[in-house]
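The values are calculated or read from the model by the stated rules, or taken from the named source; none is laboratory data. Quick caveat: nothing in here was measured; it's all calculated off a predicted structure. Reconstructed Cβ throughout: ideal geometry from the backbone, glycine too, with neighbour counts over all protein chains shown.
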Amino acid sequence: MITLLLTGCTHATDEQPAETDSIEWMLERTDLYLTDREFRRAELEASMWKPELSYARKRLAAYGLEDRGWDFLPLMDTRVATVSPDGALHTTHEIFDGETPQTREQWLELGERVFHLLPMRRDAYLDWIADKPQLQREVGMQTTSDGSLRGVVEYTDPRGRTRMALTCGTCHANNGTDGAAARSLDLGKGRALFAEARGADPLEFSQWGPGTVDVTDDGVLDALAIPNLFGVSEQSHLNRSGAVKVASPASLAIRFETQYIEGHSLERRPDRRLTWALAMYVLSLEAPTPETPSSEGRKVFDQACANCHSPEQGYSGGLVAADEINSDPQASQSTFRGTGFYKVPSLMGASLGGPFLHDASVDNLDELLASGHPKNQQLTPEERSALLSFLNSL
Amino acid sequence: MKTLTRTLIVSLTLLAASMTACVEEGDPKETLEPACQQTSCEPEPEPEPESSSALLKGTYISAHLGTYTSCPEDGYVPGAGLTPEPDEESSGDQARGACFAEGDECTPIMNCEDGQFSLRLSNSGDADASGIIITQLELFKGSGGSVGTLPIADVINVETGLAFDGTLAADETVNLRVDFMGPASPYDMLEQEHTGHLEATVAADDHEDFKIEGQDIAALPDVAT
């Protein structure tokens, strides 16, 4: 007998399911994004549904403006080098040859290069740890098939300094599966080790935990789980608290573009062809599906879960009020990005394992269901078993 | 500036008067120049030489207050003076400042980074501008009240990476980055509003001072995601 709490899932905005083929939508609007400032500005405004948040204010004050702001920034350099774990071998890559892709395949190919190679932001501890294989293993950093550190690149910053930076692939390409969250990667530990080595207090960072990152500098410990990037084309919002509404696939490209700008200290912006390609690539990512779905489990899912995790939206949904699920509401109250809600994440890739919930507070699906997720939901052992089987097919 | 405006008005008035005279004396269907050539029109008086001048305009691009989370001693503290006092407990690698010695390199402790204010400066006048300097960088709270003036470290030509030499030729544009000491505790300074804006004052030889107002500003995030 399933005891449902259907009111546990409410919707904050009018979610518009994405069009069937987001990439086709983008291919038809490439010129608009690349050349029409007013198009980009309108898309930004449509995605900033909570304009009072500092995350939104910064972008609304600077992006897509005619007479000032980030559009006037010079372009980022696209020459980088991947490095071996001991720092001895450097392999140079030119990410972009300047030729605008003409086909879907060319765009996706460029997007994949951006995903793995374009520096998202520098971090001082990366410079330090980049030639220390033992510490890299402790932190959960991985190597690629060609023997280089996954998602770590060397680049020259705007001031001419050689720096190490993270890329999308650092956190979202676990064991070589693009889109899969790196659950054992402990970036907080990397920072903590560096702080310790310098005699600084590592406490703030050592509390993050594996697979999480505290993305707000508000002095509050509210590290968030690194998400899988599967089913993004069906999601209504981005960020754990849903601070960015996916008004269209362009929302994703603008979210990336402004992310790179901030990651480069507001001194450079990426060529928009790179962020357009990256958005296409992320939208194209699909979770591996290891098992045949259980039909019995699907029935349980439809009754117990589908109200929030809609199969029509890639098993994601809109937003759920933070106090309507068994979860710490703190991150939903952040002055930087807190909306009072949490995004209902896509369950695509759930079979890859936990931890689950926005703060990675639940280790696995069994534990999650046993906790009564979302709130006070009771399943019989048979229902839970069937549901687990189904979720492990996603 | 007022003198220049007056000179311009006088010159234009004289020119307009001579043009009217010529047109009235010639065939109204003829253009001005042939009309003057066909008559005994006196040569136009030479306009008084106009003094050329620079006309500077500033465009705000971006700004942040830096990040001093792991090195608050490097940040600006109101009333503390421009040169921070050394931390008594710090020494060697833990020494203060944005850098410490590691081999031959100078590596920042965590993500310590000075504030920056990027702007575009253009000269639409007909003379080169010289002596251009950023004289002041003032921080305002979101609600508008002034918080203080932040110490400027460098003004860099973004294209060359070199210190700006203070000159800008006519019709030229340059992107500049003003590096400054940001507040050690920005949120204390901004009183939990978590935002504010900067205003840069620009001065140049033979040019009125002018201000470039920034937009929503905050500390540089430690993690950009």
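Identify the residue in region B:181-199 that is away from chain A (no Cβ under 13 Å) and at pLDDT 85 or above and, among all such residues, is surrounded by the most Cβ atoms within 10 Å (Cβ to Cβ).
B:Pro183
Failed condition for A:Asn326, given (1) out of contact with any Phe, Trp or Tyr (no Cβ under 9 Å at 6 or more places or on another chain); (2) part of a loop (DSSP other than H, G, I, E, B); (3) touching a residue at least 60 places away in the same chain (Cβ under 8 Å), with all others met?
With respect to (1) out of contact with any Phe, Trp or Tyr (no Cβ under 9 Å at 6 or more places or on another chain); (2) part of a loop (DSSP other than H, G, I, E, B); (3) touching a residue at least 60 places away in the same chain (Cβ under 8 Å), A:Asn326 is out only on (3).
For residues that are of a type in the set (S, T, N, Q) and away from chain B (no Cβ under 11 Å), tally how many sit in region A:157-169.
Of the residues in region A:157-169, 1 are of a type in the set (S, T, N, Q) and away from chain B (no Cβ under 11 Å).
Tell me which of these A:Ile129 doesn't satisfy, since it passes every other one: (1) buried (at least 18 other Cβ atoms within 10 Å of the Cβ); (2) farther than 30 Å from B:Asn111 by Cα; (3) hydrophobic (A, V, I, L, M, F, W, C).
Every listed condition holds for A:Ile129 apart from (2).
Given A:Arg273, A:Arg268, A:Arg255, which one is over 28 Å from A:Lys189 (Cβ atoms) and either within 12 Å of another protein chain (Cβ to nearest Cβ) or at pLDDT below 95 (or both)?
Criteria check complete, one pass: A:Arg268.
Would you check if A:Ala192 is in contact (Cβ under 8 Å) with a residue 60 or more places away in the chain and either farther than 18 Å from A:Gly353 by Cα or within 23 Å of the chain's Cα centre (by Cα) (or both)?
The answer is no for A:Ala192.
Among the listed residues A:Thr82, A:Thr78, A:Thr92, which satisfies the condition of being at pLDDT 95 or above, within 22 Å of A:Met280 (Cβ to Cβ) and touching a strand residue (DSSP E or B) at 6+ places or on another chain (Cβ under 8 Å)?
From the options A:Thr82, A:Thr78, A:Thr92, the qualifying one is A:Thr78.
Any residue at all in region B:202-212 that is within 13 Å of chain A (Cβ to nearest Cβ), surrounded by fewer than 19 Cβ atoms within 10 Å (Cβ to Cβ), not basic (Lys, Arg) and not in a strand (DSSP E or B)?
Checked region B:202-212: no residue is within 13 Å of chain A (Cβ to nearest Cβ), surrounded by fewer than 19 Cβ atoms within 10 Å (Cβ to Cβ), not basic (Lys, Arg) and not in a strand (DSSP E or B).
Return only the number of the condition from (1) at pLDDT below 95; (2) hydroxyl-bearing (Ser, Thr, Tyr); (3) touching a strand residue (DSSP E or B) at 6+ places or on another chain (Cβ under 7 Å); (4) over 20 Å from A:Ala321 (Cα atoms) that A:Thr289 does not satisfy.
Only one criterion in (1) at pLDDT below 95; (2) hydroxyl-bearing (Ser, Thr, Tyr); (3) touching a strand residue (DSSP E or B) at 6+ places or on another chain (Cβ under 7 Å); (4) over 20 Å from A:Ala321 (Cα atoms) is unmet by A:Thr289, namely (3).
Would it be correct to say that A:Asp214 is at the interface with chain B (Cβ under 9 Å from one of its Cβ atoms), among the acidic types (Asp, Glu) and either in contact (Cβ under 8 Å) with a residue 12 or more places away in the chain or surrounded by fewer than 22 Cβ atoms within 10 Å (Cβ to Cβ) (or both)?
Answer is yes for this residue.
If you go through region A:119-138 one residue at a time, do you hit one that is within 25 Å of the chain's Cα centre (by Cα), in a loop (DSSP other than H, G, I, E, B) and closer than 30 Å to A:Ile23 by Cα?
Yes, region A:119-138 contains at least one residue that is within 25 Å of the chain's Cα centre (by Cα), in a loop (DSSP other than H, G, I, E, B) and closer than 30 Å to A:Ile23 by Cα.
Considering only region A:370-389, I want to know if a residue exists there that is basic (Lys, Arg), crowded, with 17+ Cβ neighbours inside 10 Å and part of a helix (DSSP H, G or I).
Scanning region A:370-389, I find at least one residue that is basic (Lys, Arg), crowded, with 17+ Cβ neighbours inside 10 Å and part of a helix (DSSP H, G or I), so the answer is yes.
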